[in-house]
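Worksheet for the structure shown next.
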């Protein structure tokens, strides 16, 4: 204990904090338990004071070699990690999410009258969607949420409008 506590490496010293002087040989067992309890309490305080984010790592192959991908193995890892289920649920709901600013910049030309007034971005986005006749979308605090296929429908209509404008210019 004393040898490791005297190490020049700060990490090693931190692993073995000095024991209180009153610790005797007869109470070593309880001091280990109490030290574990104290460390566990400190860990819980740290965890409760943070917002953890989790990273899922996927091992591409069992050989540990670069540029080799075992698709079955990768799919199994994604399935077990809940990634595929999370993607499925996301796609079943509102897979396309656009901030109001981006949505208006991209699709404002579909409904120019919604941009003429002094509307805030949320109202202008709703007017564009209503003028297009889309149903089932949701308007959040900062984003437009579209169901599967609605983005493609808006992009197709946008392409028609741009094509018509290009023909007029020519």
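The values are calculated or read from the model by the stated rules, or taken from the named source; none is laboratory data. Keep in mind that this is a model prediction, so the values were computed, not measured. No Cβ is skipped: glycine too gets one built from the backbone with ideal geometry, and neighbour counts run over all protein chains shown.
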Subset of region 154-164 (residues that are in contact with a helix residue (DSSP H, G or I) (Cβ under 8 Å, 6 or more places away or on another chain) and either within 23 Å of residue 94 (Cα to Cα) or free of Cβ contacts under 8 Å to residues at least 24 places away in the same chain (or both)): 154, 157, 158
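Yes/no matrix, rows are residues, columns are (1) more than 27 Å from the chain's Cα centre (by Cα); (2) exposed (fewer than 14 other Cβ atoms within 10 Å of the Cβ); (3) assigned by TED's automatic domain parsing to the domain that holds residue 161; (4) assigned to a helix (DSSP H, G or I):
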residue	(1), (2), (3), (4)
54	no, yes, no, no
79	no, yes, no, yes
98	no, no, yes, no
119	yes, no, yes, no
126	no, no, yes, yes
130	yes, yes, yes, yes
Conditions (1) surrounded by 11 or more Cβ atoms within 10 Å (Cβ to Cβ); (2) part of a helix (DSSP H, G or I); (3) modelled with pLDDT under 95: number failed by residue 72: (1)
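Would you confirm, using the coordinates I've provided, whether residue 87 is loosely packed, with under 10 Cβ neighbours inside 10 Å, without any contact (Cβ under 8 Å) to a residue 24 or more places away in the chain and out of contact with any strand residue (DSSP E or B) (no Cβ under 9 Å at 6 or more places or on another chain)? If you could, list the steps in order and put the result at the bottom.
On the way: loosely packed, with under 10 Cβ neighbours inside 10 Å: no; without any contact (Cβ under 8 Å) to a residue 24 or more places away in the chain: yes; out of contact with any strand residue (DSSP E or B) (no Cβ under 9 Å at 6 or more places or on another chain): yes.
So residue 87 does not fit the description; no.
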